[in-house]
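Q: The structure under discussion is supplied below as C-alpha cells; questions concerning it will follow.
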Ligand SMILES: Nc1ncnc2c1ncn2[C@@H]1O[C@H](COP(=O)(O)OP(=O)(O)OP(=O)(O)O)[C@@H](O)[C@H]1O
C-alpha cells in the first residue's frame, strides 16, 4: 500500500483543506529536504535554573555511539541545527530530562528525537524501550523513515510501526526496541493487546503536538498512554506552533519539563514595493499582467487567485502566452502538491499560480514578485491582512527587495486594498500598466 494512500484522496472541500493540519504538516516534511535556517535565537527555560546549560556545536561532543555518528554523517549532517544544539545535550543527559520543544517545520526536531531514541536503546534487550506517537499514519511512516535512515549502521536496533493494518495477536511480545505509531493503535498495543509492556518504556516521544490536538480523541488517547508509563520514563514533546491549547496539553503530558523555543521570524512589508493596478474585469487583469511581464524581467513569480477556477483559467492563458507555468490546485494530492512546490523551488517553473488554500503554510522564500490577481479576503469578505502579509512579506533574512502588485477590478476590491493600507499603515501606489516606462521604473 502506498504510504500516502490516505492523502491520495483528492481534496474536494474547501474547509477540509483549511482544517487539514496533518496534510499541511506532511507537505512541509516532504518539501523540507534540507534544514530551514533561522537567525532567531533559541530560548531555553531550564527546570533547574542552577544546573549548567550545555549546548554543543558538533555531533562528536555528544559522545554518540560510532554506529549513530556514522548514520548522522551519512545523512549529510555536518553540525547540529540551532534547536539540536540545545535539545540534544538535554535529551541525552543522565539522569534523563523531560523536554518540550517548539520550532517551525524543517528546523531539525525529528532528526533530534530520532537520535535521542536510538541512543537510549539497549540493543541486547529484545523488548520495546522507546515509544513515539504521531498524529497520522503517514506522519508516523515519515518519521519512521528518519529513524531507519539514522540507524542504518546500527542494525541490531529494530523498529516497529503501530499503525492501522499492522495486526498482531493479543499477547505477542514485541521484540523491536523502538515503536512508532498513532495514538489509537499504540494504546491498543499497550493495554488491550498487551503487545508492549508500557512499564518498560524509558523514552516517550509525542510528535506534532499541535496537529495531534486538532484530531478528535487523540488528546485523550495520548494522555492515557502517558499515564501507563513509569515515572522515570523520559517524556519529550514537539510542536511546530505553541498556542495556549498546545501548551496546556504539553503540560499534562510532560511533567517538570525543560522548554526550548525557537521563535519564527516575523515577516514585514518594509522592503517590499507595493502597487495596485485598476482594471475592469479579469481579462483586463490578464492584459495588465502580460504588460508587466513584457516590461520587466521577472525571475520567479507567485500569482494568487481567489478560486481554483480562476487559477486554472489564468495558468492556461499564461501557458498560451508562452510562460512556463506551474499550477497548484485544490484537487491535487499532497504528494502531487509537494512535487510541484519542489520543482518551483528548484526554478524549473518560473510562474506559480495558486489559490491561498493550496499554498497555506508553505514558504517559497526566493520569490521576488508576488501578484495578487485577487486580494486575500476572509470568510466575511473583509481584508485578510494576515494572509496578505504572509504572501508578500519577507523575514529579515530574505529582506532583500520585493515587489507586490495587486489587481483591483471592483469597488469592493478597492475597499479591501484600502483596508490593507490602513492596517499596515503603508501607502500602496497606483501603477499604470499601459505605460511601459512607468512599469520599468518599479523594477529599479
Ligand atoms: N543537523 C542537521 N544538518 C543538516 N540537515 C539536517 C540536520 N538536522 C535535520 N536536517 C535535515 O533538515 C530537514 C528538516 O529536519 P527535520 O525533519 O528533523 O525538521 P522538523 O523540525 O522535524 O520538521 P517537521 O516538523 O516538518 O518534520 C530534513 O531534511 C533533515 O534531514
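Q: Which ones in the stretch 61-96 are touching a strand residue (DSSP E or B) at 6+ places or on another chain (Cβ under 9 Å) and in a helix (DSSP H, G or I)?
A: Across the stretch 61-96, the qualifying residues are 82, 83, 85, 86, 87, 90, 91.
Q: Here's something else I'd like to know. Name, by its number, the condition in (1) within 16 Å of the ligand (Cβ to nearest atom); (2) more than 26 Å from residue 155 (Cβ to Cβ); (3) surrounded by 11 or more Cβ atoms within 10 Å (Cβ to Cβ); (4) without any contact (Cβ under 8 Å) to a residue 60 or more places away in the chain that does not hold for residue 57.
A: Here residue 57 meets the rest and fails (3).
Q: How many residues does the stretch 70-85 contain that are more than 10 Å from the ligand (Cβ to nearest atom) and buried (at least 20 other Cβ atoms within 10 Å of the Cβ)?
A: Summing the residues that are more than 10 Å from the ligand (Cβ to nearest atom) and buried (at least 20 other Cβ atoms within 10 Å of the Cβ) in the stretch 70-85 gives 1.
Q: Return the pairs, sorted by first residue and then second, in which the second residue is loosely packed, with under 10 Cβ neighbours inside 10 Å, the first residue lies in the stretch 164-175 and is closer than 20 Å to residue 134 by Cα, the beta carbons are less than 8 Å apart, and the residues are 6+ apart or on different chains.
A: 165/1
Q: What number of residues within the stretch 86-132 are closer than 20 Å to residue 54 by Cα, surrounded by fewer than 24 Cβ atoms within 10 Å (Cβ to Cβ) and near the ligand (Cβ under 9 Å from one of its atoms)?
A: 2
Q: Another question, then. Restricting to the stretch 143-160, count the residues that are surrounded by 20 or more Cβ atoms within 10 Å (Cβ to Cβ) and within 16 Å of the ligand (Cβ to nearest atom).
A: Qualifying residue count, the stretch 143-160: 5.
Q: Residues in the stretch 279-309 that are touching a strand residue (DSSP E or B) at 6+ places or on another chain (Cβ under 8 Å), modelled with pLDDT of 90 or more and surrounded by 16 or more Cβ atoms within 10 Å (Cβ to Cβ): how many?
A: 12
Q: Could you tell me which residue of the stretch 320-339 is modelled with the lowest pLDDT, considering only residues that are crowded, with 20+ Cβ neighbours inside 10 Å and assigned to a helix (DSSP H, G or I)?
A: Here the answer is 334.
Q: So residue 39 clears everything in (1) crowded, with 17+ Cβ neighbours inside 10 Å; (2) closer than 22 Å to residue 266 by Cβ; (3) at pLDDT below 75 except one condition, right? Which one?
A: It is condition (1) that residue 39 fails.
Q: Moving on. Please give the number of the condition residue 135 fails out of (1) under 22 Å from the mean Cα position of the chain (by Cα); (2) assigned to a loop (DSSP other than H, G, I, E, B); (3) surrounded by fewer than 24 Cβ atoms within 10 Å (Cβ to Cβ).
A: All conditions are met except number (3).
Q: Next question, about the same structure. For the stretch 199-228, name all the residues that are surrounded by fewer than 24 Cβ atoms within 10 Å (Cβ to Cβ) and free of Cβ contacts under 8 Å to residues at least 60 places away in the same chain.
A: Residues satisfying the conditions are 199, 213, 216, 217, 219, 220, 221, 223, 224, 226, 227, 228.
Q: Which of the residues that make up the stretch 344-375 are under 25 Å from residue 414 (Cα atoms), part of a loop (DSSP other than H, G, I, E, B) and modelled with pLDDT of 85 or more?
A: Passing the criteria: 373, 374, 375.
Yes/no per residue for (1) in contact with a strand residue (DSSP E or B) (Cβ under 9 Å, 6 or more places away or on another chain); (2) more than 16 Å from residue 384 (Cα to Cα); (3) exposed (fewer than 14 other Cβ atoms within 10 Å of the Cβ):
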{"site": "409", "(1), (2), (3)": "yes, yes, no"}
{"site": "415", "(1), (2), (3)": "yes, no, no"}
{"site": "425", "(1), (2), (3)": "no, no, yes"}
{"site": "430", "(1), (2), (3)": "yes, yes, yes"}
{"site": "433", "(1), (2), (3)": "yes, yes, no"}
{"site": "437", "(1), (2), (3)": "no, yes, yes"}
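Q: Additional query: For the stretch 161-270, which fully contained helices (runs of 4 or more DSSP H) count at least 1 residues that are within 16 Å of the ligand (Cβ to nearest atom)?
A: 209-214, 244-253
The values are calculated or read from the model by the stated rules, or taken from the named source; none is laboratory data. The structure presented is a predicted model; accordingly, all values stated were derived computationally and were not measured. With ideal geometry, Cβ positions are generated from the backbone for all residues, glycine too; neighbour counts draw on all protein chains shown.
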